[in-house]
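FYI, it's all coordinate maths here, none of it is from the lab. Quick caveat, the model's predicted, so the values are computed rather than measured. Cβ placement follows ideal geometry from the backbone for every residue including glycine, while neighbour counts extend to all protein chains displayed.
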Amino acid sequence: MLLNYRKLLRLFAVSILLTGTMSVTHADDDDDDDDDDHMPIATNKLWKTECGSCHVAYPPNLLPAASWRKIIRGLDEHFGTDASLTASETREVAAFLEKNAGRNRHDTSGRPLLRITETRWFQHEHDEVSGRAWKNPKVKSAANCAACHTLAEDGNYSERYIKIPR
């Protein structure tokens, strides 16, 4: 009887440890290189049209609200391009981005980042990409998600759909 009790106790202890480990792993999924990197598809048509006319309309959850506010305020000099919108368009896109913005988990410096490529999350997810791949003329820039993420336009960044240009 005592032997069965010890086995049961060990089994219970192991299951608690495994459950705890699984919980920790789940909590850290934001930084994992898993195949579930499908960003929710944004539903704001103006955002998709305007932001997507020059580059992939980046999923709003990739930056916190403070970053999106700063980006919106500087659309007249948006990375060397005048991406200005009308006042009503600016309000609509800004409200959409802020409502769907990510948490501040992307940066620890305390300053609003303007480039998704500067976030801790991006750097972790792309740390295995070679310098040669970034310099490829078909890629041009780390901001060109669609160069490698074949379904980026649909918000799908799953590793299953990555094809690094040669």
How much length, in nm to one decimal, is gained on full extension between Asp127 and Glu153, taken as 0.36 nm per residue of separation minus their Cα-Cα distance? 7.1 nm
Whole angstrom only: what separates the Cα centroid of the stretch 51-117 from the Cα centroid of the stretch 121-166? 20
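Can you flag which of Lys99/Lys163; Lys48/Lys138; Lys135/Lys163; Lys45/Lys163; Lys99/Lys140 are past 25 Å Cα-Cα? Kindly include the intermediate steps, with their values, before the conclusion.
Working: Lys99/Lys163 32 Å; Lys48/Lys138 23 Å; Lys135/Lys163 15 Å; Lys45/Lys163 28 Å; Lys99/Lys140 31 Å.
Pairs exceeding the cut-off: Lys99/Lys163; Lys45/Lys163; Lys99/Lys140.
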Segments 123-134, 150-161 sorted - mean Cβ within 10 Å per residue, highest first: 150-161, 123-134
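Which of rounded, prolate, oblate describes the stretch 126-166, given a ≥ b ≥ c as roots of the alpha-carbon gyration tensor eigenvalues and a/c under 1.5 marking rounded, otherwise prolate only if a/b is larger than b/c? All intermediate terms of the calculation are to be shown ahead of the outcome.
Details: a/c = 1.99, a/b = 1.57, b/c = 1.27.
Cα axes put the stretch 126-166 in the prolate bin.
Expressed as a fraction of 2.2 N^0.38 Å, the rule-of-thumb size for a compact globular protein of N residues, what is the C-alpha radius of gyration of the stretch 42-115? Intermediate results must be reported in sequence, preceding the final value.
Numbers: Rg = 11.7 Å, N = 74, 2.2 N^0.38 = 11.3 Å.
Relative to the rule-of-thumb radius for its length, the stretch 42-115 sits at 1.03.
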